[in-house]
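Undergrad: Pasting in a structure now, in structure tokens, and then I'll have a few things to ask.
The values are calculated or read from the model by the stated rules, or taken from the named source; none is laboratory data. In this text the structure is predicted, and so the values were computed from the model without any measurement. Positions of Cβ are generated from backbone atoms using ideal geometry, with glycine treated the same way; all protein chains shown enter the neighbour counts.
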Amino acid sequence: MVAFETLLLGIIFGRPPIRLMVAPPVATVEVRLDGTQIAVLRGPPWMTEYDFGRTPMPHELVAVGFNASGRQVGRATQWLNFGRQKAGVSVLLERDAKTGQPVMATVAWKAMNQAEPQAVTATLDGATLAVPDPRRIPLPRTDPAQPHLLSVEVVFPEDLRDRADLAFGGDVIESAESELTAVPVVLPPKQKELDLRELKGVFAVDGATREPIAVETSRAEVAVVVEKTAWDRMWNLKSEWRPPFGPPTLKPDRDRFYVVSTVAQQVRGSEDTASLFPMSYPRSLSWLDHYGALRQLTYAVVAPQEQTVANAVAVAGAEVAAHNHRRAVVVLLGDSAPTYPGIDPRLYDGSTLEVAAVRGYLAALDVPLFVWSVAGGAGGPLTADWGPAEDVSTRGKLRKAVKKVKAALEAQRIVWFSGRHLPQRITLDTAATPLRLAR
């Protein structure tokens, strides 16, 4: 009855349009952001705009449909800036005006690479449906007294995919979701284990005590954002080892890291442009203290302002947070000796996000940030923007910095809560526990 036509993927800020798909008996749609009403729509075009500002933060965007008498008859939810989502799918049920029987599923989709789907499949109660038109899928007659589950999956190139599930009939509401929220915490020094019983009464969501349902160690993931002048400098540093070419074979529970470029690839769609930051293959975390492992990406010849360090760090934070494992982001800078003579190093970053805003975003996602400088202790303008940096200008200093990151990861544990919650609304009573949130 109500679904999002606009699927907001990636890091969302500024003033994007928000379009909805609406079917009878919906007469009015209320749009809410984090529980606060931001718009009321009373007819076509079912569209509004909202200014998310210049600071990306996790958000819950909800559209609630009401019939002419004011009764709620539909609801749709999008989670923004919550973590990596490179593809999205939305489904709206259309019903026969007389019988109320669902007769059609209208499908909307979007992929970060702006590609068209390779395949659209649908099932109803496990039975495969014919898809003559991937945007409008006809539905067979069903028993309205029984609950039914409609699932639609859209597959894009590069193995991007997403799936939407709708439950209808019987007494169920028209949505089906079973979601969890992962929160990383840090153990106090010398503590190696964490029991669920130690967490009783110490967490709250929106001020109300909430008990976690599980604790696990999980694997560790580190995203290393390599600024271009740092990458240039590393070619002059000795590295006796280089990672093997091609995708590695890593066990699912193996700690890993990957390198993130600061120069985005612009992919233009029909309405907007996506900025995709290239990432290397994941490698074993044990290789992080090799300069060769940090040079996995090849930088194109670009003007200095074409790199966007702050934007890349925000994307890296969302990437590691989305996997729900122990996590960290490292930004590697090297701006004390400009690669481009006569150009102010401050121009080496054409980011549309402020460093302070990105730091706040990573803190909201519970992602620790480590700042390294391959330029040595002198640093430079970019280093000053990011704050105190760890000197990694020699192999010995790099090893020391890596040990600090590994120690921080070893102290993390993942605490699970039922339901999906905005991470910045989950608080920990530090007066009742020596634990702290991973930030």
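Undergrad: I'm checking my understanding of the structure. Among residues of segment 1-19 that are of a type in the set (D, E, K, R) and in a loop (DSSP other than H, G, I, E, B), which one is surrounded by the fewest Cβ atoms within 10 Å (Cβ to Cβ)?
TA: Arg15
Undergrad: List every residue pair whose Cβ atoms sit under 8 Å apart, with the two residues 6 or more apart in sequence or on different chains, where the first one lies in segment 274-289 and is at negative phi and the second, anywhere, is in a loop (DSSP other than H, G, I, E, B) and aromatic (Phe, Trp, Tyr).
TA: Matching pairs, first to second residue: Trp287/Trp241.
Undergrad: If you scan segment 137-151, which residues turn out to be within 30 Å of the chain's Cα centre (by Cα) and either among the hydrophobic types (A, V, I, L, M, F, W, C) or modelled with pLDDT of 95 or more (or both)?
TA: Passing the criteria: Ile137, Leu149, Leu150.
Let's see how each residue does on (1) more than 30 Å from Val103 (Cα to Cα); (2) modelled with pLDDT of 95 or more; (3) not acidic (Asp, Glu):
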| position | (1), (2), (3) |
| --- | --- |
| Thr6 | no, no, yes |
| Leu33 | yes, yes, yes |
| Met47 | no, yes, yes |
| Phe66 | no, yes, yes |
| Ala76 | no, no, yes |
| Gln85 | no, no, yes |
| Val91 | no, no, yes |
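Undergrad: Quick one: in segment 194-244, which of the residues that are assigned to a loop (DSSP other than H, G, I, E, B) and of a type in the set (Val, Ile, Thr) is surrounded by the most Cβ atoms within 10 Å (Cβ to Cβ)?
TA: Val202
Undergrad: Mind listing just one residue for me: the one in segment 230-255 that is under 13 Å from Pro282 (Cβ atoms) and touching a strand residue (DSSP E or B) at 6+ places or on another chain (Cβ under 8 Å) and, of those, modelled with the lowest pLDDT?
TA: Pro243
Undergrad: May I pose another question? Condition first: aromatic (Phe, Trp, Tyr), farther than 23 Å from Val263 by Cα and at pLDDT below 90. Can you find one or more residues in segment 411-431 that meet it?
TA: Looking for residues that are aromatic (Phe, Trp, Tyr), farther than 23 Å from Val263 by Cα and at pLDDT below 90, one finds at least one in segment 411-431, hence yes.
Undergrad: Can you name every residue in segment 118-130 that is in contact with a Pro (Cβ under 9 Å, 6 or more places away or on another chain) and without any contact (Cβ under 8 Å) to a residue 12 or more places away in the chain?
TA: Ala127, Leu129, Ala130
Undergrad: For segment 20-98, which strands (runs of 3 or more DSSP E) that fit wholly inside it have 3 or more residues that are under 19 Å from the mean Cα position of the chain (by Cα) and of a type in the set (Gly, Ala, Ser)?
TA: 87-95
Undergrad: Continuing with the same structure: Please go through segment 99-136 and give me each residue that is charged (D, E, K, R) and modelled with pLDDT under 90, ordered by number.
TA: Lys110, Glu116, Asp125
Undergrad: Something else now. Kindly provide the set of residues from segment 382-391 that are surrounded by fewer than 21 Cβ atoms within 10 Å (Cβ to Cβ) and either hydrophobic (A, V, I, L, M, F, W, C) or under 25 Å from the mean Cα position of the chain (by Cα) (or both), ordered by number.
TA: Ala384, Asp385, Gly387
Undergrad: When the residues of segment 392-439 are narrowed to those that are among the β-branched types (Val, Ile, Thr) and buried (at least 20 other Cβ atoms within 10 Å of the Cβ), which ends up farthest from Val374 (Cα to Cα)?
TA: It comes out as Val415.
Undergrad: Val91: buried (at least 17 other Cβ atoms within 10 Å of the Cβ), β-branched (Val, Ile, Thr) and assigned by TED's automatic domain parsing to the domain that holds Thr142, yes or no?
TA: The answer is yes for Val91.
Undergrad: Then there's this: Starting from residues that are of a type in the set (Asp, Glu) and touching a strand residue (DSSP E or B) at 6+ places or on another chain (Cβ under 6 Å), keep the ones in segment 152-192 and report whichever is modelled with the lowest pLDDT.
TA: Within segment 152-192, the match that is modelled with the lowest pLDDT is Glu174.
Undergrad: Where residues in segment 114-172 are β-branched (Val, Ile, Thr) and in a loop (DSSP other than H, G, I, E, B), which of them is nearest to Thr6 (Cα to Cα)?
TA: In this case the residue turns out to be Val131.
Undergrad: Name every residue in segment 92-135 that is under 16 Å from Arg163 (Cα atoms) and of a type outside the set (A, V, I, L, M, F, W, C), in order of residue number.
TA: Thr106, Lys110, Glu116, Pro117, Gln118, Thr121, Thr123, Asp125, Gly126, Thr128, Pro134, Arg135
Undergrad: Here's another thing I want to ask about it. Can you confirm whether segment 49-65 contains a residue that is assigned by TED's automatic domain parsing to the domain that holds Val152, free of Cβ contacts under 8 Å to residues at least 40 places away in the same chain, in contact with a strand residue (DSSP E or B) (Cβ under 8 Å, 6 or more places away or on another chain) and on the phi < 0 side of the Ramachandran plot?
TA: No: zero hits.
Undergrad: Among the residues of segment 256-302, write down those that are assigned to a strand (DSSP E or B) and either at pLDDT below 85 or among the small types (Gly, Ala, Ser) (or both).
TA: Ser261, Gln265, Gln266, Val267, Arg268, Thr273, Ala274, Ser275, Leu276, Ser284
Undergrad: Test Thr128 against the stated conditions and say whether it is surrounded by fewer than 13 Cβ atoms within 10 Å (Cβ to Cβ) and among the polar types (S, T, N, Q).
TA: yes
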